Amino acid sequence: PRERPGGGGGASQTAEFGRPYAGKVSRDAERLYVFNDTRQPGQVDAVRVNVQSDSEDLQYPVLFVVRQQKGVLSWQVPLIFRGLYQRSYNYQEVSRTLCPSESMPESGPPERIIYVDVASMAPYDVHYTLEVTRLKSFKLETNSAFSFKASPSEPQYFLYKFPPDVDSVIVKVVSKAVYPCSVVSIQDIVCPVYDLDHNVEFNGVYQSMTKQAAITVQKKDFLEEQFFVVFVIKPEDYACGGSVPASVQGNETWNLRRMKYLEVTVVPSIKESVYVHAILFSFLSFFSFYLGSLFVAFVHYIRWVRLFPAMSIWTAHGWFSGKDIQGCLG
């Protein structure tokens, strides 16, 4: 560790991906971690930050601030979620995915620097752990199921890009468990990504789910022909028809109780031409049926006239006998 530029009683250090770091902060000491991320041209790189703190003091939370080239993401630990009737749920472990950026092919291998600042205004030392990892599975593939887990403080989102020959897809999500209640959101490639319970409804389209969900997405709705699929676990189940806990004791961590295992699959939807062909086929089938019915009725009518020539029938022009009709028909 070396002293941070500008003083302030903090220390900065160059950090590595995939390596856990433990430390302590207070009002007199903060820490800064610098991650150097080098990517290949055209590569979409996603990074996930996992933090944890043993502090349960809501007056002096640990603050994590992540600075990137085009944005800042920050949160506190304990992370507080609000429910009905002023209920609060405190999480001491938080995991967030940083908004990815795609390098331009003509710019060469870029160097991206990520700063993670850890601080607290506590008058005593607060311990924490930090780990920053690269996501190996961030892009969803067509017709390929992908399994993962999420919790209220550990939301997930992934990237999907339309193939050239696909104009519309269906995002299908399944889970073996009914609860906890979750939300599936389709959002444009815009930072920041709204991936928490209090803001997931601010962007794109969303659907709450228990065991199954399906959202149809069209390529024409996205200029870059790609989108984020965001998964948020709600702190309470009332949005999905579940019951609300009668009481919450203290600052109990709810991560393990609210963990949900999900599986997402993106499949091409039926093309418009298939719908048109189906409609035309149905129309022609019914038309042929009615045409055949009219022909059969006409044949029976001719037979009836020939069998009963003496009988008369009423038409708009008066009464006609069977003989008259036979004469008309030759």
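The values are calculated or read from the model by the stated rules, or taken from the named source; none is laboratory data. All values derive from a computational prediction rather than experimental measurement. All Cβ positions, glycine included, derive from the backbone under ideal geometry; neighbour counts span all protein chains shown. With ligands, DNA and RNA removed, areas are computed over all heavy atoms of the protein, side chains included. Shrake-Rupley method; radii C 1.70, N 1.55, O 1.52, S 1.80 Å.
Here is how the numbers come out for the structure above:
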item	result
Pair list, Cβ under 6 Å, 6 or more apart: region 71-100 residue under 26 Å from L159 (Cβ atoms), other residue open to solvent by 40 Å² or more (accessible area, probe 1.4 Å) and of a type in the set (D, E)	none
In region 91-108, residue most open to solvent (accessible area, probe 1.4 Å) [restricted to those that are at pLDDT below 60 and polar (S, T, N, Q)]	S107
Hits in region 188-202 - residues which are more than 12 Å from P152 (Cα to Cα) and open to solvent by less than 20 Å² (accessible area, probe 1.4 Å)	V193
Residue tally, condition modelled with pLDDT of 65 or more, aliphatic (A, V, I, L, M) and out of contact with any Lys or Arg (no Cβ under 9 Å at 6 or more places or on another chain), over region 224-256	4
Test for E141: is it under 17 Å from E263 (Cβ atoms) and open to solvent by 40 Å² or more (accessible area, probe 1.4 Å)	yes
Failed condition for E111, given (1) under 26 Å from the mean Cα position of the chain (by Cα); (2) modelled with pLDDT under 95	(1)
Considering residues of region 27-57 that are modelled with pLDDT of 90 or more and outside any strand (DSSP E or B) only, the residue nearest to Q13 (Cα to Cα)	E30
